[in-house]
Structures are given as C-alpha cells and as structure tokens.
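The values are calculated or read from the model by the stated rules, or taken from the named source; none is laboratory data. Everything quoted here is computed from the prediction, not taken from an experiment. Ideal geometry is used to build each Cβ from the backbone, glycine not excepted, and the neighbour counts take in all protein chains shown.
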Amino acid sequence: MIGRSILTIIPPELHRDEDMILSKIRSGEKIDHFETVRVAKSGERIEVSISISPVRDENGQVVGAAKIARDIRENKKIERTLRTTEKLAAAGRLAATVAHEINNPLEAVANLVYLAKRDLPNSEKVASHLSSAKQELNRVVHITRQTLGFYRDTSSPVRFNVATTLDDLLGLYDRRFETRNVKVIRQYEDAEVVALAGEIRQAFSNLLTNALDAMPSGGTLWLKVYKSREWKNAQALGVRIVIADSGTGISVEHKQNLFQPFFTTKADVGTGLGLWITRGIIEKHGGFIRAKSSTGEKHGTAFSIFLPCNTQQGKKQSQPRTLADELVAGD
Ligand SMILES: Nc1ncnc2c1ncn2[C@@H]1O[C@H](COP(=O)(O)OP(=O)(O)OP(=O)(O)O)[C@@H](O)[C@H]1O
Ligand SMILES: [Mg+2]
C-alpha cells in the first residue's frame, strides 16, 4: 500500500465518503465507530467499523490521519440472524392474532347456521339467524381486507385536489351525518398533491368513520385543508389536512396505543386496524399523521395530516410497513 492512495481499499461507490472524512480530519475532528465497507487484498468486501483521528505535528497542525478499522462481519451476521428471528416470531404472532380475530365471528356463524337448521320451520327466526350470520361474515371480510392489504392501490399516482376528494367522500356519509345531528364546518384552500388517490381516500375515510363513531349523539366535524410546510423540514411544501370532531375524545391511557394494529375500544364493531392502515398510507407517501385529543370539558379529537406536494410515489417507493414490522416495533 505504501505510496498508493487510500482509495484503493475503499469501494468505488463510497469514494465520496472519503472526502467527507478528510474534510473532518482537516478541521481537527475525530471520527468514531463509523460503520462502512472496505475492500480486502483478495477483492472481498469487509464490513468494518472505523475510527479516525487527526495526527498533528509539534505546532498542532494536522499532518495526517491515524485509522483503525475493525472487522465487524461477525457482529453483522449475528444482527441479521436476530432480525430474521424477530421477523419470524412476529409473523407467528401475527398469524395467531389474525386467527383469533377471525375465529370469534366464525364460531358465531357456525352457531347461527346450527340455529337456522334447528328452526327451519320458523322462517322468521331463520331469516334473523341468517342476517346475523351475514353480519359476522362481513366482519371477517373486513378483517381480511384490512390485514391482507386489499385496500392497496395498484394504479399509479395522480394529481388531485385534496379538498374536492374530501368533499366527494363526505357525500357518501351525508345521510349518516344528518341522522346523527353532526354539523360539518369546512375550511378549504385549493391544494393539490400527487399520490395514490384510492389510498388517500381510504385514509380519509377511516378518519371520518372514526369521527362519526365518536359522536353518537351529535356534534361538530371540522375539516380543514391548507397549504403548509413540513413540521421537521421547513423546505418541504405540502398540504395539511385536519379532521377534527367534538366527540368523546381519547383517554391518555388509550392514546399511546392509537396507531397499534388491533387496538380498538369498539368491542364488536371495530377491527382496530383503521388508524394503523391510515398511518401506513400517509407514511408511505412521505407524510405524517398526528393526533390530539381531550376527554375534558371541551372534549374532542383532531387528526392532522401532512402530505408533501410531490410524494415520492413512483420514484422511490418506501416499503409500506407490514403488520409484522409493526408487531416487532411494538415489543
Ligand atoms: N376521532 C376519534 N375519537 C375518539 N376515539 C377515537 C377516534 N379515532 C380513533 N379513536 C379510538 O382509537 C381506536 C382505534 O381506531 P381505529 O380506527 O384504528 O379502529 P376502530 O375504529 O376501532 O376499528 P376499524 O378498524 O373498524 O376502523 C378506536 O377504537 C377508538 O377508541
Ligand atoms: Mg376506525
């Protein structure tokens, strides 16, 4: 190596890193435990952790660099095995949870069919058993759709107006809002995003049904759409959507489980997948979702979504979180 460039042991695609390292060293900084890859004499790539310190002359001038590279292949291998094991465990837990969720309605259907058979001469009773059975089956369909991700939009992203989409959806719920005595207050700015329209509709629809469920005896629904910037990165332009209700609110104790799969307080009617899916959709589009809620005197809940104008859809599609990932993360 004497007389040759240090770049010899750095993979070509990482040569740029060396500029960053050198500029840090020049300014007198140290680099500790930087995990990267180096090339061995044989050409084999080796995962290493490197620490680099500047070497100074008697006047304190940086004249060189001392580098220690530790072979971390073994650690990396253990890490990967661990991750696979965790995923398998999560998949097992997922299967068990889904089986459990589906088992209850299926048992109910089996009982109802038995009753229908027994009451065969009494057509009124049979009709009632069958309609209950149909409800239970609908629940199974709801669970499998939500879990297996049938909601996933396979079309390509399109440009659409957020407020118009929200209003179209609202049309579907009009009657339910009326009978529940829910007043709707809209405040819209014209804003467009490029996204998978079907999925965004699904996300809004989950939030609207939750708001409706939270106001069994009336209330107010606020819908806001306005142009905005990202919370963390003020450079990113996007659209903020707020869906707020004057419903029951969410207790502090429940709030921490809000986006967890299968967390529900609606024992028989909810799957607890709505919010989890909604967050998945929003994050897949490079956005964020947050919830604020109060159960106090002025009770209610507000979900606020940020969607970047140009979501990364199509370009760099971030992997949507799977239920398995979520269960691992929840540990
Ligand atoms: N706007 C809201 N007001 C009050 N509680 C809410 C609101 N939105 C969500 N929640 C609480 O969060 C829980 C989870 O909501 P989520 O939408 O994920 O599932 P769900 O509505 O119970 O069932 P489904 O999967 O059928 O939507 C709800 O059961 C409810 O307790
Ligand atoms: Mg819901």
Collect the residues in segment 218-252 that are under 13 Å from I305 (Cβ atoms) and either away from ligand 1 (no atom under 16 Å from the Cβ) or in contact with a helix residue (DSSP H, G or I) (Cβ under 7 Å, 6 or more places away or on another chain) (or both), keeping them in residue-number order. L223, V225, Y226, S228, E230, W231, G238, V239, R240, I241, I243
Among the residues of segment 183-220, what is the count of those that are within 16 Å of ligand 2 (Cβ to nearest atom), among the aliphatic types (A, V, I, L, M) and either farther than 14 Å from I241 by Cα or outside any helix (DSSP H, G or I) (or both)? 4
Reported set for segment 178-201 where residues are over 11 Å from T165 (Cβ atoms), at pLDDT below 90 and surrounded by 19 or more Cβ atoms within 10 Å (Cβ to Cβ) is L196, E199
May I ask you to list pairs of residues, at least six apart or on different chains, whose Cβ atoms are under 6 Å apart, with the first in segment 120-132 being farther than 17 Å from L106 by Cβ and the second being assigned to a helix (DSSP H, G or I) and at pLDDT 90 or above? V126/A116
Have a look at L258, L223 and point out the one that is hydrophobic (A, V, I, L, M, F, W, C) and within 16 Å of ligand 2 (Cβ to nearest atom). L258
Go through segment 253-282 residue by residue and tally those that are hydrophobic (A, V, I, L, M, F, W, C), in a loop (DSSP other than H, G, I, E, B) and more than 6 Å from ligand 1 (Cβ to nearest atom). 4
Which of the residues belonging to segment 294-313 are within 19 Å of W222 (Cβ to Cβ) and surrounded by fewer than 22 Cβ atoms within 10 Å (Cβ to Cβ)? S294, T295, G296, E297, K298, H299, A302, S304, F306
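Taking segment 202-217 as the search range and keeping residues that are more than 10 Å from ligand 1 (Cβ to nearest atom) and closer than 17 Å to G171 by Cα, which one is surrounded by the fewest Cβ atoms within 10 Å (Cβ to Cβ)?
The initial filter retains those residues of segment 202-217 that are more than 10 Å from ligand 1 (Cβ to nearest atom), namely 202-204, 216-217.
From what is left, the residues that are closer than 17 Å to G171 by Cα are 202-204.
On the way: Q202: 19, A203: 29, F204: 23.
Taking the candidates together, the pick is Q202.
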